[in-house]
Structure formats: C-alpha cells, structure tokens
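The values are calculated or read from the model by the stated rules, or taken from the named source; none is laboratory data. Treat the numbers as computed from the prediction; the structure is a model and nothing was measured. Virtual Cβ from ideal backbone geometry, glycine too; neighbours counted across all protein chains shown.
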Amino acid sequence: MIDLEEQAIEILKQAKNIVFMTGAGVSTASGIPDYRSMTGVYHGVDNPEYLLSHTCLKREPDVFYQFVKQLYHPSAKPNVIHKKMAELSQTKQVGIVTQNIDDLHIKAGSPNVVSFHGSLYDCYCQKCGQSVSVSDYMQIMYHKECGGIIRPNVVLYEEGLSESNIETAISWLSQADVVCIVGTTFQVYPFSGLIHYRKPDSQVIVINKEPISLMEPHLLVQQKGENFFSNI
Ligand SMILES: [Zn+2]
C-alpha cells in the first residue's frame, strides 16, 4: 500500500498543469510569523482585522504604521517550499496563487505568481501616487517629496481585491489538472472560494499540519510543507 505522501508526490510528478494555493504556513519556515499570532504583543490591541483595516490607516495612520512595520522581514529568504515550486515550473505549467504578502515566491524565481492580497514590498504615496522604496517607508511613514502618507500595496480589510488577480487565478484554476493547497487553513474568503473554479476532474491535494475546512474531495497529507517538499 502506498501512503498518502507518496501518492501526493506521484500526482504532482505526473501533473502537467498545477496550481498551488499557498498561505502563511509556507512562509513560517522562512522565519515569517503569521500576523494573526502577533496581535496584542505590540499595541495591546487584540484585533488584527482592525490594525490591518482601511479605517485604521485613515483614522490612526501612526498605529497602522507601527503595526505594519512589524510585518516586514526584508532579509527573509525563500525556503524549500518556494524553491521546489519554482523548480517544478521549469518543466510544467505552474501557477501560484498566494495569500502571502512577502514576495517570497517571486524571490524564489516562480514566473507565474498572483499575490492575491498584494505585496508589502510595493509601497506608494497616497497623496501623489509616486512609488516609494521600502527602506524609505521603514524610516518614516511620510513621503519626503510631498508629505503624503505612504502605504504598502496590500489589500486591507474593507478594501476590494484586484480584479485582474481574481481573473488570472480563476483562469489558472480552470485549466489545472492538479490543485495543491499548502500551509493554509483555507478559512479566508474569497481566497478559499477560488477552489470552486477548478476543473471538475482535477485532483485536489492538501499539505497542511491540520485538516482544513474544505468540502471538495481531496487528498490530505497532514504534514508541514517544508517536510513534504524536501521529499519531492
Ligand atoms: Zn507623495
């Protein structure tokens, strides 16, 4: 009898077109904590949804800034998960749709990445629209040129997702023969809703420490992503 891990590896090897859907668990091996575990520590506010909301950015830009700064890990490096996915895209059609805002899939060299919730490393001034470097933003939240407040191009609570990201993700999912969900409990909607656009006869694999809330039939490998991808 073949175990689930071997079965999943075999499916990925045979696949011609894969979509990976990734979450915070993919970045923890690069030393990036899930922000949900960081709240309360910095501001005594037990509510990440507020700290990362449009309202907070507007009403209390300094509170927003102090919190968001903690999410930056500019020296974090792609780990084995990011690298193996990038490697697979050299021989297969691979699309990566990630909830992560750390750019690590891009840094690993994956050519097709949708950062569904935006990127921390793309900053701009809200007043004049100019791009601002991350190092400038890390020093001060005000744009040197015009005094406007800088923000990262991430999708905050209360804000809409990019239409083109949604369209690209749906088109990849509708063509993939394998959908592999890694390092996410799959509770964030609409990200998790994307699964409904998969090709009906595609196979779904889940690599996660815990079982996830997913109605679709799937093969669950209950393991940390870094352990699984080390064996591919
Ligand atoms: Zn400006």
Response to the item:
Pairing a residue in the stretch 115-133 that is of a type in the set (Lys, Arg) with any residue that is more than 8 Å from the ligand (Cβ to nearest atom), where Cβ atoms lie under 8 Å and the two sit 6 or more apart in sequence or on different chains, gives Lys127/Ile149
Worksheet item: Within the stretch 73-91, can you find the residues that are crowded, with 17+ Cβ neighbours inside 10 Å, in contact (Cβ under 8 Å) with a residue 40 or more places away in the chain and assigned to a loop (DSSP other than H, G, I, E, B)?
Response: Pro78, Asn79
Worksheet item: Do any strands (runs of 3 or more DSSP E) entirely within the stretch 160-232 hold 3 or more residues that are surrounded by 18 or more Cβ atoms within 10 Å (Cβ to Cβ), and if so, which?
Response: 178-182, 203-208
Worksheet, complete the sentence: Flagged in the stretch 106-129 as part of a strand (DSSP E or B), under 18 Å from Ala86 (Cβ atoms) and among the hydroxyl-bearing types (Ser, Thr, Tyr), in numbering order, are Ser115, Ser119, Tyr121
Item to complete: For the stretch 125-136, enumerate the residues that are out of contact with any Lys or Arg (no Cβ under 6 Å at 6 or more places or on another chain) and more than 6 Å from the ligand (Cβ to nearest atom).
Response: Gly129, Ser131, Val132, Ser133, Val134, Ser135, Asp136
Response to the item:
Scanning the stretch 137-153 for residues that are in contact (Cβ under 8 Å) with a residue 24 or more places away in the chain and either of a type in the set (S, T, N, Q) or within 12 Å of the ligand (Cβ to nearest atom) (or both) gives Met141, Ile149, Ile150, Arg151, Asn153
Worksheet item: Counting only residues that are buried (at least 21 other Cβ atoms within 10 Å of the Cβ) and closer than 17 Å to Asn79 by Cα, how many does the stretch 106-120 have?
Response: 3
Worksheet item: Does Tyr124 satisfy the condition of being surrounded by fewer than 20 Cβ atoms within 10 Å (Cβ to Cβ) and under 22 Å from Leu57 (Cα atoms)?
Response: yes
Discussion item. Six or more apart or on different chains, Cβ atoms under 6 Å: show the pairs whose first residue is in the stretch 30-51 and exposed (fewer than 15 other Cβ atoms within 10 Å of the Cβ) and whose second is among the acidic types (Asp, Glu) and modelled with pLDDT under 65.
Written reply: Gly40/Asp46
Discussion item. Being within 15 Å of the ligand (Cβ to nearest atom), among the acidic types (Asp, Glu) and out of contact with any Gly (no Cβ under 8 Å at 6 or more places or on another chain): is that true of Asp177 here?
Written reply: no
